[in-house]
Amino acid sequence: MFEVYLRELKRWNKVHNLTSLKEDEEIVLRHFLDSVSVSLCLEEKGIEVDGLSICDVGSGAGFPGVPLKIYYGNRINLTLIEAVAKKCSFLEYLKTKLGIQYRVLCKEAQKVQESFDLVICRALGKLKNILPILEKLSSKYILIMKGSEAPEEYPYCKVELPDIKSYILFLAKSK
């Protein structure tokens, strides 16, 4: 499935500019592997994924949501939120091409009136701006994939894989 994803991403990217990365190795490391690294954080925090409703906010070309769906399969229920129509079209096409199930909500996250067990975002904007949106969408957990240094005031999972230098903020939503 990752081979199909890579091929289709590169094909669509020629016309629609879905990602700035062009080389196979870059895409695999910085998109696919980085996305699946979320599973290490979920394991570290003891989060059981079976039956979890996961929402990827600002999904773009499907990162990290689609790689997580490929990795976990039917164990998770995935919803992708993306406001850009050409990216939504790619995501709809991709699920058919991969033969997997997920929902695509083609709208701004602020307009979504649902809640999900786990809300994930990657490179969506400044933490202070995105956190209120993510908190509104989350019923249990928030994971934010950010840069190379974690702000001390938030719990986080450090991802230490070859060629992946990032951390993932982990926020358990208070009930």
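The values are calculated or read from the model by the stated rules, or taken from the named source; none is laboratory data. Note that the coordinates shown come from a computational prediction; the quantities given were computed from them, not determined experimentally. Cβ sites come from the backbone with ideal geometry, for glycine too, and all protein chains shown count toward neighbours.
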Residue list for the stretch 90-104, restricted to those being over 14 Å from the mean Cα position of the chain (by Cα) and buried (at least 17 other Cβ atoms within 10 Å of the Cβ): PHE90, LEU94, LYS95, LEU98
Residue satisfying all of: in the stretch 1-29; outside any helix (DSSP H, G or I) and among the hydrophobic types (A, V, I, L, M, F, W, C); farthest from ALA85 (Cα to Cα) among these: MET1
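Considering only residues of the stretch 46-62 that are hydrophobic (A, V, I, L, M, F, W, C) and over 14 Å from VAL84 (Cβ atoms), which is farthest from the chain's Cα centre (by Cα)? Spell out how you get there, then give the answer.
Quick first cut of the stretch 46-62, residues hydrophobic (A, V, I, L, M, F, W, C) only: 47, 49, 52, 54-55, 57, 61.
If we keep only those that are over 14 Å from VAL84 (Cβ atoms) too, we end up with 47, 49, 52, 54-55.
On the way: ILE47: 16, VAL49: 15, LEU52: 14, ILE54: 9, CYS55: 8 Å.
Among those that are hydrophobic (A, V, I, L, M, F, W, C) and over 14 Å from VAL84 (Cβ atoms), it is ILE47.
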Members of the stretch 101-121 found to be within 20 Å of VAL66 (Cα to Cα) and either touching a Phe, Trp or Tyr at 6+ places or on another chain (Cβ under 6 Å) or polar (S, T, N, Q) (or both), listed by number: GLN101, SER115, LEU118
Test: residue in the stretch 44-52 that is in contact (Cβ under 8 Å) with a residue 60 or more places away in the chain, in a loop (DSSP other than H, G, I, E, B) and within 20 Å of LEU105 (Cα to Cα): no
Residue selected from the stretch 111-135 under the condition farther than 16 Å from PHE170 by Cβ and at pLDDT 95 or above, by the criterion surrounded by the fewest Cβ atoms within 10 Å (Cβ to Cβ): GLN113
Residue check, ASP34 of a type in the set (D, E, K, R), buried (at least 16 other Cβ atoms within 10 Å of the Cβ) and either free of Cβ contacts under 8 Å to residues at least 40 places away in the same chain or outside any helix (DSSP H, G or I) (or both): no
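Any idea which of TYR93, TYR72 is in a helix (DSSP H, G or I), free of Cβ contacts under 8 Å to residues at least 40 places away in the same chain and out of contact with any Ser or Thr (no Cβ under 6 Å at 6 or more places or on another chain)? Let's see the steps before the verdict.
Numbers: TYR93 fails: free of Cβ contacts under 8 Å to residues at least 40 places away in the same chain.
One residue alone meets the criteria, TYR72.
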